[in-house]
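S.K.: Dumping the structure here so I can ask a few things about it.
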Amino acid sequence: IPKGVDSGQRLRVRSEGNAAPKGGQSGDLYVFITVQDDKQFRREGIDIYTELTVSYIDAILGRRVKTPTIDGEVEVDLPAGTQPGTTLRIEGKGVPKLNSPEVRGNQYVKMIVEIPKKLSKQEREAVLKLDELSKSGAR
């Protein structure tokens, strides 16, 4: 099966179908493709979409974070000040284009910023201090 094939496409395999009556040549076999859905990745054409959960600290400060791709994990730069729902593009990490495997789509990673439900006393004090600093305009 060639790289880049998608659901709904069909492949023709010449002379591998049913035998013709009276010893004639075999017909062609048609294979109809259904690509199984994945829990982690969603495909749209040759592009791949996924989500990545990051801590609120990583979103505020920015960091290099690891994210899964269909080829394995890669590191991406999470910019400082990343907002929940921000989508990063990783060029060339999508699906190969059918009949042009050197051309690949992109992967889009939506950032899910995890806000803690509970803070330790020290974490709470640090966040309150940050709140004070932001209100006083000390940036």
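S.K.: Keeping the other protein chains in place, figure out the carbon and sulfur percent of the accessible area of the chain, with a 1.4 Å probe.
M.R.: That share works out to 49 percent.
S.K.: How high is the FRET efficiency between Val13 and Lys97 when r is their beta carbon distance and R₀ equals 25 Å, given to the nearest 0.05?
M.R.: It comes out at approximately 0.70.
S.K.: Which whole-Hz couplings ³J(HN,Hα) result when phi for each residue of the range 86-98 is put into the Karplus expression 6.51 cos²θ - 1.76 cosθ + 1.60, θ = phi - 60°, listed in order with x for Gly and Pro?
M.R.: 3J(HN,Hα) across the range 86-98, in whole Hz: 4, 10, 9, 9, 10, 5, x, 10, x, 7, x, 6, 4.
S.K.: Just tell me which lysines come within less than 17 Å, Cα to Cα, of Lys135; anything on the same chain fewer than 8 places away is out.
M.R.: Lys135 reaches no qualifying lysines.
S.K.: Largest first, what is the accessible-area ranking of Ser15, Ser100 with a 1.4 Å probe?
M.R.: Descending order: Ser15, Ser100.
S.K.: Considering the dipole of the range 4-139 built from charges on the beta carbon (Lys and Arg +1, Asp and Glu -1) around the Cα centre, which of Pro101, Thr50, Ala126 is farthest to its positive end?
M.R.: Towards the positive end, the residue furthest out is Ala126.
S.K.: At 0.36 nm per residue, minus the direct Cα-Cα distance, what do Lys121 and Ser136 gain on full extension? Give it in nm, one decimal, please.
M.R.: Gain on extension, Lys121 to Ser136, equals 3.1 nm.
S.K.: Calculate, in nm to one decimal, what Ser26 and Ile57 gain on full extension: separation in residues at 0.36 nm each, minus their alpha carbon distance.
M.R.: 4.7 nm
S.K.: Kindly express, to the nearest 10 degrees and within the range 0 to 90, the angle between helix 121-135's C-alpha long axis and the longest C-alpha principal axis of the chain.
M.R.: It is inclined by approximately 80 degrees.
S.K.: Give me the percent relative contact order of the chain, please, defined on Cα pairs under 8 angstrom at least 6 residues apart.
M.R.: Relative contact order here is 22 percent.
S.K.: Another question, then. In square angstrom, what is the accessible area per residue of the range 56-139 with a 1.4 angstrom probe?
M.R.: Accessible area per residue: 72 Å².
S.K.: What is the magnitude of the charge dipole of the range 1-132 about its Cα centre, with +1 placed on the Cβ of each Lys and Arg, -1 on the Cβ of each Asp and Glu, and no other charges, expressed in debye to the nearest 20?
M.R.: Result for the range 1-132 is approximately 360 debye, rounded to the nearest 20.
S.K.: Also: Expressed as a whole percent, how much of the Cα-Cα distance distribution for the range 1-136 exceeds 23 Å? Write out the running numbers ahead of the final one.
M.R.: Values: 5058 of 9180 pairs.
Considering the range 1-136, 55 percent of its Cα-Cα pairs are separated by more than 23 Å.
The values are calculated or read from the model by the stated rules, or taken from the named source; none is laboratory data. Everything numeric in this text was worked out from a predicted model, so none of it was measured. A quick note on method: Cβ atoms are made from the backbone with ideal geometry, for glycine too, and the neighbour counts reach across all protein chains shown. SASA here: full protein model, heavy atoms, side chains in, ligands and nucleic acids out. Shrake-Rupley method; radii C 1.70, N 1.55, O 1.52, S 1.80 Å.
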